[in-house]
Structure formats: structure tokens, C-alpha cells
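Since the structure comes first, as C-alpha cells, the remarks are kept for the end.
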Amino acid sequence: MKITFLAEKKIRYISVSVFTAPLGQVLLFLFVEIINLSAFTSNVLAVLIATIPNYLLNRFWVWEIKNPHSFRHEILPYWAIAFLGLIISTAFVVLADSIWSIWIALNIANAVAYALLWVAKYFILEMYIFSETKQKGR
């Protein structure tokens with residue numbers, strides 16, 4: 001059975017998330033429980049760190065873009081999406097911390113926030129960010 005490129009891309013996108021989502025969760029746990037940072041600071045750091053491999057894996061492995069990075073067409077929009085995720089996840093994490101004050105609630109709140117954006121992010125990357133880069137040779 002032959003898998004189409006579009007199906008392969010979706011499987012790869014899921015795989016990237018399967019790798020980077022736990023990375024963010026582990027970082028969030030470490031910052032909150034081991035280093036004793038605030039929920040806000042921990043979430044910001046976890047998101048910023050996990051976004052880097054997420055971007056690189058999506059660009060090179062999922063969309064198979066090999067040409068130079070375009071700040072205007074790729075990096076800036078990608079980080080805008082990441083920043084939106086950061087705002088939403090931080091709001092969820094801070095709210096969870098104010099109610100439960102346990103690390104598992106923070107991790108669940110973070111995961112729920114990212115799950116809300118996950119499908120929309122795929123379509124934004126596919127239709128605008130990485131498709132434009134491939135078409136323009138950037």
C-alpha cells in the first residue's frame with residue numbers, strides 16, 4: 001500500500017508533536033518542580049525552548065524544505081504562532097496554578113492549550129508559511 005506525500009506529511013507532523021510536546025512537558029515539570037520557578041516563568045521557558053526543535057523538525061523533516069530560512073516568510077510567522085500558543089498556554093497554566101498548585105495540573109493545562117492550536121497550526125504551516133517558502137525558493 002502506497003502512502004501519499006500528503007499522508008506522509010501528516011504522519012510526520014504528528015511525529016514531531018509526539019517528540020516536542022513531551023519535551024515541553026518535561027521542561028515545564030523540571031522548571032516548576034526541580035528549579036522551583038513560578039508557573040508563569042516555567043511555561044515561558046518551556047515553550048521557548050521546545051519551539052526551536054519543533055520549527056526545525058517541521059521545516060526540514062515534515063515539509064522537506066532545504067533552502068535558506070526566510071525571516072519574513074517563515075521564522076517571523078512561525079514565532080507569531082508560537083507566541084500565540086505561549087499566551088494561551090501561559091493563561092491556562094497560571095489559571096491551573098491558582099486553582100490546584102500541583103505540577104500535573106500545570107502540565108495538563110499546557111497540553112490542552114496546545115491541543116487547541118495544533119490542527120490550526122498545521123493548516124497555517126501548510127497553506128501559508130512553508131508553502132510560500134517552497135514556491136518562492138526561499
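The values are calculated or read from the model by the stated rules, or taken from the named source; none is laboratory data. All values derive from a computational prediction rather than experimental measurement. With ideal geometry, Cβ positions are generated from the backbone for all residues, glycine too; neighbour counts draw on all protein chains shown. Quick note on the areas: whole protein, heavy atoms, side chains included, nothing else; ligands and nucleic acids left out. Shrake-Rupley method; radii C 1.70, N 1.55, O 1.52, S 1.80 Å.
Return the only residue of N107, N43, N54, N58 being polar (S, T, N, Q) and more than 14 Å from the chain's Cα centre (by Cα). Show your work before the answer.
Details: N43 fails: more than 14 Å from the chain's Cα centre (by Cα); N54 fails: more than 14 Å from the chain's Cα centre (by Cα); N58 fails: more than 14 Å from the chain's Cα centre (by Cα).
From the options N107, N43, N54, N58, the qualifying one is N107.
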Legend entry - Yes/no for I99 being open to solvent by 20 Å² or more (accessible area, probe 1.4 Å) and within 28 Å of N36 (Cβ to Cβ): yes
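Return yes or no: is I3 open to solvent by 60 Å² or more (accessible area, probe 1.4 Å), out of contact with any helix residue (DSSP H, G or I) (no Cβ under 6 Å at 6 or more places or on another chain) and part of a helix (DSSP H, G or I)?
Details: open to solvent by 60 Å² or more (accessible area, probe 1.4 Å): yes; out of contact with any helix residue (DSSP H, G or I) (no Cβ under 6 Å at 6 or more places or on another chain): yes; part of a helix (DSSP H, G or I): no.
Considered against the rule, which asks whether it is open to solvent by 60 Å² or more (accessible area, probe 1.4 Å), out of contact with any helix residue (DSSP H, G or I) (no Cβ under 6 Å at 6 or more places or on another chain) and part of a helix (DSSP H, G or I), I3 comes out as no.
In the list F83, F71, F92, which residue meets the criterion of being closer than 19 Å to I49 by Cα and at pLDDT 95 or above?
Step by step, each of F83, F71, F92 is checked, and only F92 is closer than 19 Å to I49 by Cα and at pLDDT 95 or above.
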Inset, instruction - Go through (1) part of a helix (DSSP H, G or I); (2) open to solvent by 70 Å² or more (accessible area, probe 1.4 Å) one by one and return the number of the condition T90 breaks. - result: (2)
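In this structure, does I99 turn out to be free of Cβ contacts under 8 Å to residues at least 60 places away in the same chain and closer than 24 Å to E8 by Cα?
Working: free of Cβ contacts under 8 Å to residues at least 60 places away in the same chain: yes; closer than 24 Å to E8 by Cα: no.
When the stated conditions are applied, I99 does not pass them.
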Legend entry - Residue under evaluation L106, criteria (1) open to solvent by less than 80 Å² (accessible area, probe 1.4 Å); (2) in a helix (DSSP H, G or I); (3) under 28 Å from L6 (Cα atoms), criterion not met: (3)
Legend entry - Residue ID - least open to solvent (accessible area, probe 1.4 Å), chosen from residues in the stretch 34-48 that are polar (S, T, N, Q) and in a loop (DSSP other than H, G, I, E, B): S38
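Restricting the search to the stretch 40-52, which residues are touching a residue at least 24 places away in the same chain (Cβ under 8 Å) and in contact with a helix residue (DSSP H, G or I) (Cβ under 6 Å, 6 or more places away or on another chain)?
F40, S42, N43, A46, V47, I49, A50, T51
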Legend entry - Of all residues in the stretch 13-32 being touching a residue at least 24 places away in the same chain (Cβ under 8 Å) and farther than 19 Å from A82 by Cα, the one that is surrounded by the fewest Cβ atoms within 10 Å (Cβ to Cβ): F29
